[in-house]
Each structure stands twice: as C-alpha cells, then as structure tokens.
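What follows is one structure encoded as structure tokens, with my remarks underneath.
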Amino acid sequence: MAQPMLKKDDDRDDEVDYHPFFGIEKGAVLQEARVFNDPQIDPRRCSQVITKVLYILNQGDTLTQIEGTEVFFSVTKLFQSKDPGLRRMMYLMIKELSPSAGEVIMVTSSLMKDMNSKTDMYRANAIRVLSRIIDGTILAQIERYLKQAIVDKNPVVASAALVSGIHLLQTSPEVVKRWSNEVQEAVQSRASLVQFHALALLYQIRQHDRLAVTKLVTSLTKGSVRSPLAQCLLIRYASQVIRESGVNQAGERPHFDYLESCLRHKAEMVILEAARAITELSGVTSRELTPAITVLQLFLSSSKPVLRFAAVRTLNKVAMTHPLAVTNCNIDMESLISDSNRSIATLAITTLLKTGNESSVDRLMKQITNFMADIADEFKIVVVDAIRSLCLKFPLKYRSLMNFLSNILREEGGFEYKKAIVDSIVTLIRDIPEAKEIGLFHLCEFIEDCEFTYLSTQILHLLGNEGPRTSDPSKYIRYVYNRVILENATVRAAAVSTLAKFGALVDSLKPRIFVLLRRCLFDSDDEVRDRATLYLKVLGGEAVVGETEKETNEFLFGSFDIPLVNLEASLKNYEPSETPFDISSVPREVRSQPLAEKKAPGKKPTGPAGPTSGPVVSAIDAYEKLLSSIPEFAAFGKLFKSSAPVELTEAETEYAVSVVKHIYDGHVVLQFNCSNTIPEQLLENVTVLIDASEAEDFAEVYTKPLRSLPYDSPGQTFVAFEKPDGVPAVGKFSNILKFIVKEVDPASGEVEEDGVEDEYQLEDLEVAYADYMLKVPVSNFRNAWEGMDPESERVDEYGLGARESLAEAVNAVIAILGMHPCEGTEVVPNNSRSHTCLLSGVYIGNVKVLVRLSFGISGPKEVAMKLAVRSDDPDVSDKIHEIVASG
Amino acid sequence: MATLPSVKNILVLDSEGKRVAVKYYTDDWPSVSSKLAFEKSVFTKTMKINARNEADIVMFDGHIVIFKFIQDLHFFVTGGDDENELILASVLQGFFDAVGTILRNNVEKRTALENLDLIYLCLDEVVDGGMILETDASVIADKVSSASGLENMAPFSEQTLSQAFAVAREHFARSLLK
C-alpha cells in the first residue's frame, strides 16, 4: 500500500531542477508513439507516451492533420490491451484528438463494447467519449444503451449518460427528447450528482414548454431534492417561473415561500443562490428583501473570502435600487474596508457610498483615505466614480468631497486614474456653482506638478473659460504663467491661449498679460511664438479682425465650427495660385451625423450610476454648432433647448427617421435625421412635408432639403417654424417624407438617371410644454426655494387617479414637466405611502422655476398630488399649473 | 433563461505562472495566445495574495476566478461573472483535495509533473465540457485511482488499518491536551 506511485525514475531525486518533461519535443514524441504499433503492447510505456502527447497538446502545441490521424490510428490499436490505466489514457487521447467522422467509425465498435462491459468505470467513460465524437446516425444505434445507462444503479454511469445527454441535446435534440421518462426517474435518484444532472437535462428538454416547467418546479419544490447543486438549479428555474408569472392578485408571488425556505438550507451555496434570486426579483418589496439581506449580512463576517465577496457583491447590486434596505449592513460593511481582498474592500466602499446619508459622509471619507493608498488604480477609479455621484447627490458636502479628490490627485497614479479624478472635479465645478472656485484652485495646484500633457492642456483650457469669470481672476495668472516657463511646447501653447483669454475678458489685467505675452515671443517653439504674436497684435489693436470687441473675441476664442474633414478635403483640392485659400469656401454641412444617436456605454456593474449630464451637454453644443452653420437659422438667436431624438418610424422599416426639436425664443426648428436602409436605392431632394393645421401658433418659414441620401449614410433635413416670441406654443404636426427615388445597382454602385417621386408616411409629432423647460439643477433646493419671492408661489391639488405605483406617478409628472429632479428625490422608496419630490428648471425666457411635489397614495392606488411652484415670474407659476392640469 | 452552472476553465500553474496542466471548456479564449494572456493576467493579479488556507477570489474582465495555492502550485477555477461563487469554489475544492489525495498530500510541481497522467484524469473527472461532473474529492480520487493501473492498491479514500490507528491516536492525544 505504501509504495510510491508511478515514480518514473527514483535515482534522479536529488537533482534540484529536475523536470520530467524538460526538453520534450513534438517530433521525438511522435517517433516514440510508434510503440503503440508493437504487437506486444507494454501498457506502462504506452501510458507514458500518451501522457507526453497530452502534455505537448496541453502546453499549447498542435498536431497537423496528418500527425493527428497517425496518432489516432495507432492509439486505436491499443484497444487490444486489457490494462485499465492505459484504457483511461486512451479515452483522454481520443477526446483530445477530436477525430473526424471517418476516423470515428474506427473506434465506435470498440467503445460500444466498453459501454456494455462489466466494469462501471469503462461504461461511464466510454459513454462520455462516444457522446463527444459521434454524429446522429451512430447515436441512433447506441440510444438504447444510453437510455439504460441513465437509470443505471451506479451513479457514475448514470451521471455520465445524463451529462452526455446534455451535450447531445445541442446536436440531436429530437433523440434526447425521447429519454424524458428515464430522466424523470433519475431525478428521484439518491445520488446527489445524478439528481443534479438529471434535473438539468429534464429542464433543458422541457424549457420551451412553460407549463411543463411550471409543473416541474411545483412538484420538486415540495422537497424531494437533496443535492445542493440540484437545489441551486431548482432555485434558478423557480425564479424563471416567478419572472414569467409575475405577482398574483393577493400581491404574492408563486414559489416565493420556497425561495425563502432555501435561505435556511444547510449548504451555503444554496443560501447564496436563494438570496441572490430574491434580490433579483423584479419589483421586489422591502418585506421580501429583508430575510435575504439578513443572511447576506451574516456572510459578510465569514472567514472565507469567497463568501464575503459573494455577499458584498450581491448587496452592492441591491444598494443601486434599494439603498435603504442595505443600510442595516453598514457596520459590517465598514469593517470590510480593511479586508485583505481588495475586490471585497472596493465593493464594500462603493456600497457604503451608495447607501450613505449626508451625515455619514465625513466619517466615510476618513476611512476611505486610509484605504486608497494600497489598492490598484482600477479599483481607485471605481471609488472616484462613486464619490462623484455621491457629491452630486449631496451637493452641500462638496467641500469635504472636493478636498478628498484633491488629496488623491496629489498622490501617485496612472493616467486613467488621474483623468477620472480630473473629470470628476470638472463635473462638480459644472454642476455645483459653489464648488467652482475651490475646484479650479485644486486643478491649478495639480498642473503645477502634472506629468500628463493631455490633462494639463485640458485644465488650462478650462481655466481660460472659467477663470476670468471668478471673483479674483488675477490669482490664476501665476499658475498659468508657470506653465509657460516650465512645460513642454504643447502645454506652453495652451497656456499662452489661456493667458490671452484672461487678457481679453478682464480689462484690469490686460497690461500685465501683455507683459507676459511679450516674453513668450522669444519661445523656442513656433506654435507658442505664433500664438503669442497673434494675441498681442489683435488684443493690442494693431491688427483689426472685427469691428467690435465681441467680434474680436469671437475670432480669437470662438469655437471652430468647420468640420475638420471638410477643411482637410478643401485644402487638398487647393492648388497654389495667386488667389489665397478662402476658408469661407469650405462647406459647413456635416456629411454624416454621428452625434447624439449613440447611447452612453453601459456602466460596469460595480460602478455607480454616473451622471448622464456630460454627454447631453456635449450633444447640445454639437447641435448648436450644426444649426449655426446653416445661415438661415443663424438669425433665430440663441438656441434654448434641443430635445432628445424622437423616432418617427418603426424599427426596421425602409427609411428610419427621428426628429430633434430645437427651441428658440421665436422659432422652432425640427431636425429630421433620416437614414436609408435599402442598398438598391438612392434618395434625392428629401424633405418632410408638414401639416401644421393642428398647431395654429406655428407658421412654416423655411425648409432645408437634404440633397441626397445614399444607403447607410444618415443625413438631415430641417424645417423651421415661426411662433410668437417667448410664448410656449404647443401643437401637433403630421409629417410626410417626400423624396425622389433612384435605382442603384448595389454591385457597381451605378445610379440610374431617372427617379420617381415618392412619399412615406411618418408618425405625428408634438411640441409640448415640456419642450420649453430646461433641466437645470440647483445645488441647494431649500436655499433656492426660500430665495424666491413667496408671492410667486402657486399651490393647488390634483387627483391623479389610479396608478400602478407611487414611483410610476412621480415619474409621469416629472416627464410631463421635463424638469430636473433635485437631491435624488425622484427615487421613491418601496412601499412608501407618500413622497415629496423636488424639481428645478428654467422656463423659456430664462425664468427660473422650482417645484415641490407632494404625493400621497390613498386606498387602492389612488394617487393625489399637491403642487407648489415658485418662479421668477408669477405668470410662469400659473403656466406650470396649466401644464399639469392639461397633462 | 435560467442556465446551468458552468466552468470556463481550470488551471494549474507553477510559481512562475507557467502551465502545469490546464483545461479550457469554452470559446472565450479562442487562440493559444489569448489563453496564455489570460493565464498571465490571472497569475499576476493573484500572485501576491495569500490563498493557502482559504480559497480566495478575484473578478476581472467579466470572469470570476477562485484560486487556492499550495507549495509551488497555483490552482484556479474560472466562471462567468454571474455565476454562483460558492459553486465554483466547490469545484475548486473538490479538484484541489482530489489532487491532494492522489499525490498523497505531497502536492508540489515536481510530483504533479511526475504523475501528470493522474492530474489529467482528475481534470477529466471534475468537469465535462464545462458541466460540473463531480465535486466530492474522495469520489474523484476513487475514480482516478481505479483506473491508475494499480489494481492491487486500495482506493485512496479507504484507509488501511494502521492509518486509521494513527488518526485515532492523534485525536486521542489532542483530546487529552485539552
């Protein structure tokens, strides 16, 4: 018994670096494989050679087809040997070689013999090998044996047959489906793994039959399943049934009792599976959540890292939707901040950041500070994201959170990490007015010692835009000019532009800026010198580029609104001649429109629901640019608001059209984004014919057709309406897409000369009151509310009728008003009977509006609402009431 | 769609991250180079963690990796990121303990390589095409041993009388010390 196992060479024991496969080489091993062909088979030697071939394959080497076939044929000869060890290695080898159909025939009869052998081990393995390599025709031959094997009294054989059945279901479902009776019998097996495999196969056979699945779950949840793995499967199937059947009349879910009873199972994997299933139920209530949260909380203090991880990961997910339910675990969670597994610590922190309330922020920040030093950058980025959303949730805490961000900004870190911090600070500067100066100051400190050119230039640009408008612009000059002295050429050039912006916008600083700019004239880099020269001449009045100061600033700092691709194309076409290149000849029309259609990429599950205002703002900038490039619209004044695109066609129709509503003071421009999904067609002269008879206040003033719309390259056509100045006119428009169709040969791309006029009915479009409301957040609702004239307040009560839930009612009202929910009040805690929601916005004509909504639910889902509005203009307060009354 | 618990791969690497035995069950890593890249990142992410007493866990690139180390061998089991961590942990534990039994608790790179055929058989008995086949270490070890070509040997899980005595004596000694 105590003999050493398969020691291949005892006398090499002393060598330090002995490696049994050292220097092994494919050619030599294949040479050795000829031993398989010996008439006298040496099982031990053959096993060793097979192991060597497997080793070579396992290390990532591959056999050519010829080599593979050769090895396969010689291995089949070994079926003569009766040595069990060798036979097992042969099975492995055959599976590894995955032989072709022709080769399979060579071994099927031998394997079928093994399948009926007296040795269980042979039977189990032969079944597994066969099911891996056979096709449908051979399956028919062995089906009888497989059915027997499923109900074999030896669990190893039964499991092998069942697992093979699961694999075969992919290729020959109709055969496997006939085994249903045997599989059902196997579900009752006493062997736990057989039960697990049988349940898995039975479900897969029946998964498309909802009724059968429901029956299966109903009968098994009564308690005949013992194996923990099978229990986990059953939980998955039960939650599938719950998902499909929803909540019944009495507000109860079928099988919920079963899930809850699994929370008391003795196997941890079953408890975890059940707890997770409960937390993932759609519309789960806090009463349903409580028992699951309780067991997860116990797991948090387990000695096993895997268990702690599983629990904290689940709670982290719950915290996104039900932060209040998780707060009970906060104390356990806090102790996990120092967990040796950094994944656990990071998940704990982000969970705490989600569930934290305003008063716990400071304490939390202190704990995180210690933690940040010793985790990897990728975890730090997750934490920074969580802190940013926390700060947006509790704007009053900006001071401590901003301090935290600036502290970590000073520490070591890679580019992605630093960028995440800088982006967060920029977001906070934008969304929390009070945080602006302190944030800018931190960024100034940062660029003093910043190794990333990209970040330095970004920050300098931001300083140029924001700095001059602060209370004391002069204090930023030192930081900016230091860059000119100390940095590389790219950053120096950016710093020169920033200096010039201060000079142009702050008259008192102008002489001093000039002194600094003159020094830059001696810079070693062309770009820096050129910029300095340009700014000096223009700001100093030596070169005249515009008649007013405004035009000068527009020339120097205005956005560059010519698409770079167009400019590049025009410059390539320009031939050097007497006439200089004229930039105004470059077409401004954007050829394809990539903006705004793209959805923000999905956030990582561990990440917080980040602020979405970033991409929206940039989309509006882009719209503004696009519209101002069309001269007819330039006279409309400043763009007040652009709506999100509204689809006017069904998905997957011939032509896809969506519309964006651009609101101006006295005009509305409808931008139709069209795309042509038929490769055989070219559309020309595309316009949208609008019937505005149901929109009396609007008068069509201009239509900009789309000259051509080739396949798969979206374009836009515009229609402009005039409306009474500053009045929020509403109405309904019916639209028809008109165009000329020309046939295209998709192969050659040739277009036929003649086209046919055609039209295409689009869905109706409405301009509603919400289109005149800008979502503008306020950082401190209470201060803002109290700062408004109480005289402007209008209060009224409304009955909203029967609603599905309070949350649904709240969301509906927010959508009608189109305002920005403040301080996270758009989230309605589960099961609450009343809720207060705070909204802010700016109404057309730049009128600030604040709304306080108090909801109450009474009796069977009757929702009532009290609406209080304050605004700069009492008329607007009345209008808000009109909107709600009519919505 | 309710899905089966499934294993994406099982890896046994040495203390430098080199392959001792690996088995992939899914197409998540289609080429040899992508497999090696995955092994490298998994190894570097976990090498500093002390996973010798309890299995530990790491999550990256949408995978959950449960791992446990012994001597100069690193064991890993990978699953999808929505998988039940404890199921994966039970697979790792079953495989890990079975290897321990087969190698007679002398689990290190050299013995593992010397008995590589048994390690391969062991991998084959734990998971079949991503499906969990068996998680009970003694059953796995028995299946491997019954095929190891040494019929004269008792199954690993059955202890000889003298071993049983030794264990009993130890328990007795411990209870006296209390």
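The values are calculated or read from the model by the stated rules, or taken from the named source; none is laboratory data. It should be emphasised that the depicted structure is a prediction, and the values quoted were computed from it without experimental measurement. Neighbour counts run over all protein chains shown; Cβ positions are idealised from the backbone, glycine included.
Residues in segment A:315-348 that are within 14 Å of chain B (Cβ to nearest Cβ), over 21 Å from A:Met372 (Cβ atoms) and surrounded by 23 or more Cβ atoms within 10 Å (Cβ to Cβ): A:Leu315 alone. In segment A:269-287 there is at least one residue matching the filter, namely being of a type outside the set (Lys, Arg), within 14 Å of chain B (Cβ to nearest Cβ), touching a residue at least 24 places away in the same chain (Cβ under 8 Å) and not in a helix (DSSP H, G or I). Within segment B:59-83, restricting attention to residues that are within 9 Å of another protein chain (Cβ to nearest Cβ) and buried (at least 23 other Cβ atoms within 10 Å of the Cβ), the residue that is nearest to B:Arg110 (Cα to Cα) is B:Ile66.
Looking for something buried (at least 17 other Cβ atoms within 10 Å of the Cβ) and within 9 Å of another protein chain (Cβ to nearest Cβ) - is there at least one such residue anywhere in segment B:7-17? The answer is no, given that none of the residues of segment B:7-17 is buried (at least 17 other Cβ atoms within 10 Å of the Cβ) and within 9 Å of another protein chain (Cβ to nearest Cβ). Residues of segment B:70-91 that are in contact (Cβ under 8 Å) with a residue 60 or more places away in the chain and touching a strand residue (DSSP E or B) at 6+ places or on another chain (Cβ under 9 Å): B:Leu73, B:His74, B:Phe75, B:Phe76, B:Val77, B:Thr78, B:Gly79, B:Gly80, B:Glu83, B:Ile87, B:Leu88, B:Val91.
Determine if segment B:103-111 includes at least one residue that is more than 10 Å from chain A (Cβ to nearest Cβ) and surrounded by 24 or more Cβ atoms within 10 Å (Cβ to Cβ). No; the residues of segment B:103-111 include none that is more than 10 Å from chain A (Cβ to nearest Cβ) and surrounded by 24 or more Cβ atoms within 10 Å (Cβ to Cβ). Confirm whether A:Ala310 is at pLDDT 90 or above, among the small types (Gly, Ala, Ser) and buried (at least 23 other Cβ atoms within 10 Å of the Cβ). So A:Ala310 passes the test.
Contact annotation: residue pairs with Cβ atoms under 7 Å, 6 or more positions apart or on different chains, pairing a residue in segment A:632-648 that is under 20 Å from A:Asn846 (Cβ atoms) with a partner that is assigned to a loop (DSSP other than H, G, I, E, B) and of a type in the set (Val, Ile, Thr), are A:Phe640/A:Ile844. Of the helices (runs of 4 or more DSSP H) contained entirely in segment A:310-397, those carrying at least 2 residues that are closer than 26 Å to B:Asp56 by Cβ, out of contact with any His (no Cβ under 9 Å at 6 or more places or on another chain) and touching a residue at least 40 places away in the same chain (Cβ under 8 Å) fall at A:342-355, A:377-393. Candidates in segment A:288-309 are the residues that are of a type in the set (S, T, N, Q), out of contact with any helix residue (DSSP H, G or I) (no Cβ under 6 Å at 6 or more places or on another chain) and assigned to a helix (DSSP H, G or I); of these, the one that is farthest from B:Ala89 (Cα to Cα) is A:Thr290. Where in segment A:39-152 are there helices (runs of 4 or more DSSP H), lying wholly inside it, with at least 1 residues that are of a type in the set (Phe, Trp, Tyr)? The helices (runs of 4 or more DSSP H) meeting that bar are A:43-58, A:65-77, A:84-97, A:120-133, A:136-150.
Screening B:Asp56 against (1) charged (D, E, K, R); (2) surrounded by fewer than 17 Cβ atoms within 10 Å (Cβ to Cβ); (3) closer than 29 Å to A:Gln231 by Cβ; (4) at the interface with chain A (Cβ under 7 Å from one of its Cβ atoms) leaves a single unmet condition, (2).
Run A:Ser192 past the list (1) closer than 30 Å to B:Asn53 by Cβ; (2) modelled with pLDDT of 90 or more; (3) among the polar types (S, T, N, Q) and report the number of the one that doesn't hold. Result: A:Ser192 passes all but (2). Among residues of segment A:369-397 being among the aliphatic types (A, V, I, L, M) and at pLDDT below 80, the one that is surrounded by the most Cβ atoms within 10 Å (Cβ to Cβ) is A:Met372.
Could you tell me how many of the residues in segment A:349-375 are within 14 Å of chain B (Cβ to nearest Cβ) and under 20 Å from A:Ser301 (Cα atoms)? Before you say what the answer is, go through the steps one by one.
Within segment A:349-375, the subset within 14 Å of chain B (Cβ to nearest Cβ) is A:350, A:374-375.
Checking the rest, the ones that are also under 20 Å from A:Ser301 (Cα atoms) come to A:350.
Of the residues in that region, 1 qualify.
Determine whether A:Val744 is β-branched (Val, Ile, Thr) and in contact with a Cys (Cβ under 6 Å, 6 or more places away or on another chain). Spell out how you get there, then give the answer.
On the way: β-branched (Val, Ile, Thr): yes; in contact with a Cys (Cβ under 6 Å, 6 or more places away or on another chain): no.
Considered against the rule, which asks whether it is β-branched (Val, Ile, Thr) and in contact with a Cys (Cβ under 6 Å, 6 or more places away or on another chain), A:Val744 comes out as no.
Residues in segment A:61-94 that are among the basic types (Lys, Arg) and in contact with a helix residue (DSSP H, G or I) (Cβ under 8 Å, 6 or more places away or on another chain) were compared, and the one that is nearest to the other protein chains (Cβ to nearest Cβ) is A:Arg88. In segment A:222-245, is there at least one residue being basic (Lys, Arg), touching a residue at least 12 places away in the same chain (Cβ under 8 Å), under 30 Å from A:Gly165 (Cβ atoms) and in a loop (DSSP other than H, G, I, E, B)? The answer is yes, given that some residue of segment A:222-245 is basic (Lys, Arg), touching a residue at least 12 places away in the same chain (Cβ under 8 Å), under 30 Å from A:Gly165 (Cβ atoms) and in a loop (DSSP other than H, G, I, E, B).
Cβ-Cβ distances below 7 Å connect the following pairs, each with a first residue in segment A:152-168 that is more than 11 Å from A:Ser189 (Cβ to Cβ) and at pLDDT 90 or above, a second residue that is part of a helix (DSSP H, G or I) and of a type in the set (Phe, Trp, Tyr), and a separation of six or more residues or different chains: A:Gly165/A:Trp179. Of all residues in segment A:215-247 being of a type in the set (Ser, Thr, Tyr), farther than 20 Å from A:Ser159 by Cβ and surrounded by fewer than 19 Cβ atoms within 10 Å (Cβ to Cβ), which is modelled with the lowest pLDDT? So the residue we want is A:Ser245. Annotation note: Cβ proximity below 8 Å between a residue of segment B:118-138 that is within 7 Å of another protein chain (Cβ to nearest Cβ) and a residue that is part of a loop (DSSP other than H, G, I, E, B) and among the small types (Gly, Ala, Ser) (sequence gap 6+ or interchain) occurs for B:Leu121/B:Ala147; B:Leu121/B:Ser148.
Candidates A:Glu32, A:Glu103: the one that is surrounded by fewer than 17 Cβ atoms within 10 Å (Cβ to Cβ) and either more than 14 Å from every other protein chain (Cβ to nearest Cβ) or of a type in the set (Phe, Trp, Tyr) (or both) is A:Glu32. Go through segment A:756-805 and give me each residue that's modelled with pLDDT of 75 or more and hydroxyl-bearing (Ser, Thr, Tyr). A:Tyr760, A:Tyr769, A:Tyr772, A:Ser792, A:Tyr798, A:Ser805, listed by residue number.
Pull up segment A:676-708, narrow it to residues that are assigned to a loop (DSSP other than H, G, I, E, B) and farther than 30 Å from A:Ser748 by Cα, then point me to the one that is modelled with the highest pLDDT. Spell out the reasoning first.
Taking segment A:676-708 first, the residues assigned to a loop (DSSP other than H, G, I, E, B) are A:677-680, A:695-698, A:705.
After this cut, where a residue has to be farther than 30 Å from A:Ser748 by Cα as well, the list is A:695-698.
Values: A:Ala695: 76, A:Glu696: 77, A:Asp697: 80, A:Phe698: 83.
This residue is A:Phe698.
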